[in-house]
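Structure first, then comments.
The values are calculated or read from the model by the stated rules, or taken from the named source; none is laboratory data. Please read these numbers as outputs of a predicted model, since none were measured by experiment. Backbone-built Cβ (ideal geometry, glycine too); neighbour counts: all protein chains shown.
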Amino acid sequence: MVQFMSLSKLNKDIIECRKCPRLVEWRERVAAEKRASFRDQEYWGKPVPSFGDPKAKLLIVGLAPAAHGANRTGRMFTGDRSGDFLFSALYRAGYATQPDAISSDDGMKLLDAYITAPVRCAPPQNKPTALEQKTCSDYLKREFTYLNNVKVILALGSIGYTAISKELNITPRPKFAHGLEVQLKSGEIILCSYHVSQQNTFTGRLTEEMFDAVLERAKKLSGKNKQRASRQS
């Protein structure tokens with residue numbers, strides 16, 4: 001209960017954050033102008049909180065909310081092609097109760113997994129500055145403190161991997177590579193994958209088979225029981 005309350009307070013702090021003027025201006029402008037295909041929807045337009053099972057053994061670290069994805073829906077990786085790829089894979093691996101993530105109230109639940117990001121606001125061109133990443137880093141640091149059951153940290157892309165490495169003081173830091181595994185002295189393992197962005201999935205740099213293999217490796221390393229998410233309540 002204390003763990004859940006700590007994470008809830010953290011997410012509340014995230015949602016209320018206005019520390020980065022450039023990101024505040026951009027996320028709110030996107031939410032006001034909207035994309036034509038979503039013109040009838042109300043955008044979230046605020047920092048996006050983390051999402052998942054507080055007792056998770058798998059922590060998934062992305063990059064930042066997409067302008068018309070999580071910045072619209074208010075939930076990590078929800079409402080865009082990257083999320084479509086990610087959640088369908090999580091469902092196949094038994095980490096999600098359904099394969100589709102459409103909105104924050106679609107009934108999606110994560111099982112033994114928690115999704116976060118080093119930057120909580122949608123950045124222009126999906127490129128947060130170094131200062132913005134540093135300003136946002138305290139939230140990730142607090143999550144590492146509260147998520148006591150994590151065994152595997154899955155870094156999606158080099159920025160997520162770098163953010164994790166800085167927070168956990170990994171030196172020397174092995175060069176990012178798909179499939180890289182880094183054993184931490186504290187016992188956790190960092191597992192790396194190419195990001196699930198359209199740039200990677202549409203070009204075949206990251207395929208479903210490749211990502212499924214990463215998740216199967218995460219299950220093995222974390223000791224997750226093999227079970228179908230569809231059987232969970």
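Okay, here's what the table says:
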quantity: Among (1) assigned to a helix (DSSP H, G or I); (2) touching a residue at least 40 places away in the same chain (Cβ under 8 Å); (3) surrounded by fewer than 20 Cβ atoms within 10 Å (Cβ to Cβ), the one test that Gly160 misses; calculated: (3)
quantity: Residue check for Arg142: over 16 Å from Arg217 (Cβ atoms), part of a loop (DSSP other than H, G, I, E, B) and of a type in the set (D, E, K, R); calculated: no
quantity: Residue check for Ala122: within 30 Å of Arg29 (Cα to Cα), assigned to a loop (DSSP other than H, G, I, E, B) and of a type in the set (Gly, Ala, Ser); calculated: yes
quantity: The range 113-129: number of residues that are surrounded by fewer than 22 Cβ atoms within 10 Å (Cβ to Cβ) and either modelled with pLDDT under 95 or within 13 Å of the chain's Cα centre (by Cα) (or both); calculated: 3
quantity: Subset of the range 1-59 that is under 17 Å from the mean Cα position of the chain (by Cα) and among the small types (Gly, Ala, Ser) - its residue that is surrounded by the fewest Cβ atoms within 10 Å (Cβ to Cβ); calculated: Ser8
quantity: Residue in the range 134-144 that is buried (at least 17 other Cβ atoms within 10 Å of the Cβ), more than 24 Å from Phe211 (Cβ to Cβ) and either among the acidic types (Asp, Glu) or within 12 Å of the chain's Cα centre (by Cα) (or both) present; calculated: no
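Conditions (1) in a loop (DSSP other than H, G, I, E, B); (2) more than 16 Å from Pro118 (Cβ to Cβ); (3) among the β-branched types (Val, Ile, Thr); (4) modelled with pLDDT under 95, marked per residue:
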| position | (1), (2), (3), (4) |
| --- | --- |
| Ile14 | no, no, yes, no |
| Ala31 | no, yes, no, no |
| Lys46 | yes, yes, no, no |
| Ala67 | yes, yes, no, no |
| Phe77 | yes, no, no, no |
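Table: residues versus (1) surrounded by fewer than 18 Cβ atoms within 10 Å (Cβ to Cβ); (2) free of Cβ contacts under 8 Å to residues at least 24 places away in the same chain.
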| site | (1), (2) |
| --- | --- |
| Lys166 | yes, no |
| Pro172 | yes, yes |
| Ser186 | yes, yes |
| Ser197 | no, no |
